[in-house]
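Structure first, commentary second.
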Amino acid sequence: LNVTEEKFLLDALAGCTEYKSILDVVVNAFYVQDGRYCPISERNLYIVVCYLATFQLEEIGLQRFSRIVKSLDTAKMQQFLRFFFNDLYLNTWIKDEWSHFYDSEYVKENWIDPLLRWQPKVQQLIEKLTEKLSNHTTTVKNSRVTQPKEFNLTVPKPRAIPPPSPAPLPVLPKRQPVPPSIYKPPKERKQLEEIKTKNIQKAKDLLLKANTNQFRCATIKPEKREGTILTSREIDPFLPQYLEVVWESVLAQYFDELRKQPQDLIDHIPIKLNTAAILREGALYQRKLEKELKRIENLQQGAGDPSEFLEWQKQMRGKDMEEQLTEIECRRLQGKLSYEEAVLAHQNVIQENKKKADLLREEKAELMHLYAEKRQQEQKEMKELVEQVMEGHKNVKQVKAKIQEYKQQIVQQICEESGELLRQALEEKEDENRKRFELIQQIRAIESTPSSRHKFVDLTETGGHGLFGEMSIVELRERLTLLKEAQKAAEEEKRDQIIHEKQAKEQLILDKLDQISQFRAELGRAAALKQEEKKKSQSGERPTKDERILNLQKKIVEKTMERKKQAGLL
């Protein structure tokens, strides 16, 4: 084949594979109606002719298509083309079936309309095939006519079409460069991160110090660890309380150090506020303003000044804080006392474990002695068993002969039974094949009967199901278009409303920002004055120790002395 023929064949093969679902609809219907007696082996022939008529007729032309059709069996082509180019079939069920795979408008414009346009010319081809079948060919006298020959002239090469001049590229306006500050993090964030890392490092150091000093007295030396079997509950029943007290003391120390740090740097860091923060802070200042106005109004009406009550409340809170610190110190000392008691209990358990280890050694020696006696008894029994086995080997040949005869009898019985079973299985298989063959013949007879499976649909009629809101497809489409228009108008109205609300919200946020800046300035001045007054009036006094703390310290000293004495005895 040359290049054009090879390309044509490859295109036809690819098209038949791509549009297989559409072509199968027409060919299957042809086999059901007009081609009932056509062999199934010619199915691919009808698929190729259907593809060429549907997709390639515009490209190859009617003349070439006629030559392809005439080169095939005349009766089969006449029967298939008469079935395929039927106006009623194309406008009804073929269009509906193809619309299941592609859009109905696309099917009508690209496939159905071209086929209807070519239908008169293809009908002439069908008539010619019909005349050829009926042998009604007209006889024409063969007269010798001079046939001119073409001149052997050189065919000029086609001139190349000059390429169109490229359109000028549009010049875009020069854009402003991105400012470099966008890619740099703010300095305030870096300062906050440094303060945060320092505080975390201090907390880790304090925690590490507490953990290292926590079990310094309870560590066991390697030589004392041997022979001890202890659990965490036996070592220290009060260990969870002690750990809780230590952790509370570490946290209290950490937060005291955080309070001592200078807050000037953190207070003066500018923080960008979002909309929620602005509204929240504006509402806070508004509540404070309303509270202050209410207080002034009460003072004008003769109400008392709550400053004395606030001073008393401050003193009471200071006392409560001192009591809490005293309670924390008591817990810490109680934990230390429980730790000393746990060490004493540990030393007592070591002594008990030593006694248990001695008892275990004695029991182990007794068990080893019993095991040795049992081993000797087993060896004697094994020797007797070997002697019995040697005597039994002498009669092995007689036993083998008897077993061989018995096996031969069993084999003969099995062969007879298997022959009968095979005979029965063959008979059952033949009956089953006979029934299956009869069932296949019945199915083929049912399939050969023609049946109409196509339903014509009128889009202007209702379904007739008897429902209240029943309507036709055309009315449904009209209502959908009206609904879409109403929805679009509602969206436009909603969009305008959102724009007005957004502008009002932006104006509200700007007013809130002005109000917040004024409040912050006033609060800063008030805080500075209050800090100066506090520095002048502040005088610290060290709290006296509580009696409970002194008693716990004495008990701890006594337990420590007792533990050291016990360690010396051990």
Could you go through region 465-471 in sequence order and give the Karplus-derived ³J(HN,Hα) for each residue, using 6.51 cos²θ - 1.76 cosθ + 1.60 with θ = phi - 60°, rounded to whole Hz, and x for Gly and Pro? 8, x, 8, 6, x, 6, 8
Once ligands and nucleic acids are excluded and a 1.4 Å probe is used, how much of Glu97 is accessible, expressed in Å² to the nearest 10? 50
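From the protein chains alone at 1.4 Å, what is the descending order of accessible area for Thr481, Thr92, Thr17, largest first?
Details: Thr481 75, Thr92 25, Thr17 95 Å².
From most exposed to least exposed: Thr17, Thr481, Thr92.
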Using a basic spin-label model with each label point 7 Å from the Cα along Cα→Cβ, how many nm lie between Phe83 and Glu378? 8.9
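Work out the FRET efficiency for Lys536 and Met561 from their Cβ-Cβ distance, taking R0 = 45 Å, and round it to the nearest 0.05.
Values: r = 50 Å, r/R0 = 1.11.
Taking R0 as 45 Å, the efficiency between Lys536 and Met561 is 0.35.
Counting Lys and Arg as +1 and Asp and Glu as -1, what is the net charge of the other residues whose Cβ lies under 15 Å from the Cβ of Phe8?
Values: positive: Lys7, Arg64, Arg67; negative: Glu5, Glu6, Asp11, Glu58, Glu59.
After counting each charged neighbour, the total is -2.
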Under a cut-off of 14 Å between alpha-carbon atoms, report the aspartates and glutamates in cross-link reach of Lys204, not counting same-chain residues fewer than 8 places apart. Glu257
Of Lys202/Lys512; Lys356/Lys565; Lys70/Lys149; Lys294/Lys494, which pairs sit farther than 31 Å apart, going by alpha carbon to alpha carbon? Lys202/Lys512; Lys294/Lys494
Which sequence of Lys554, Lys397, Lys202 reflects their accessible areas, 1.4 Å probe, from the largest down? Lys397, Lys554, Lys202
Show Leu310, Leu206 ordered by accessible area, largest first, where the area counts protein heavy atoms only and the probe is 1.4 Å. Leu310, Leu206
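List the relative contact order of region 3-136 as a percent without decimals, with contacts defined as Cα pairs under 8 Å and 6+ residues apart. Could the numbers behind the result be given before it?
Numbers: 74 pairs, mean separation 36.0, N = 134.
Once normalised by length, the contact order is 27 percent.
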Which of Gln347, Leu367, Leu337 sits closest to the plus end of the dipole of region 283-371, meaning its Cα is farthest towards the positive end, when Lys and Arg get +1 and Asp and Glu get -1 on the C-beta? Leu367
Given the protein chains as shown and a 1.4 Å probe, how many square angstrom of Ser41 are accessible, to the nearest 10? 100
Could you pull out every one of the lysines with an alpha carbon less than 16 Å from that of Lys397, ignoring same-chain neighbours closer than 8 positions? Lys407
Using protein chains only and a probe of 1.4 angstrom, how many square angstrom of Tyr406 are accessible, to the nearest 10? 140
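Work out how much length Gln286 to Lys355 would gain on full extension: take 0.36 nm times their residue separation and subtract the Cα-Cα distance, in nm to one decimal.
On the way: separation 69, 0.36 × 69 = 24.84 nm, distance 7.82 nm.
Taking 0.36 nm per residue and subtracting the Cα distance, the gain is 17.0 nm.
The values are calculated or read from the model by the stated rules, or taken from the named source; none is laboratory data. Every value quoted in this text rests on a predicted model; they were computed, and no experiment measured them. Please note: Cβ atoms are built from the backbone with ideal geometry, for glycine as well, and neighbour counts cover all protein chains shown. Side chains included, ligands, DNA and RNA excluded: accessible areas come from the protein's heavy atoms. Shrake-Rupley method; radii C 1.70, N 1.55, O 1.52, S 1.80 Å.
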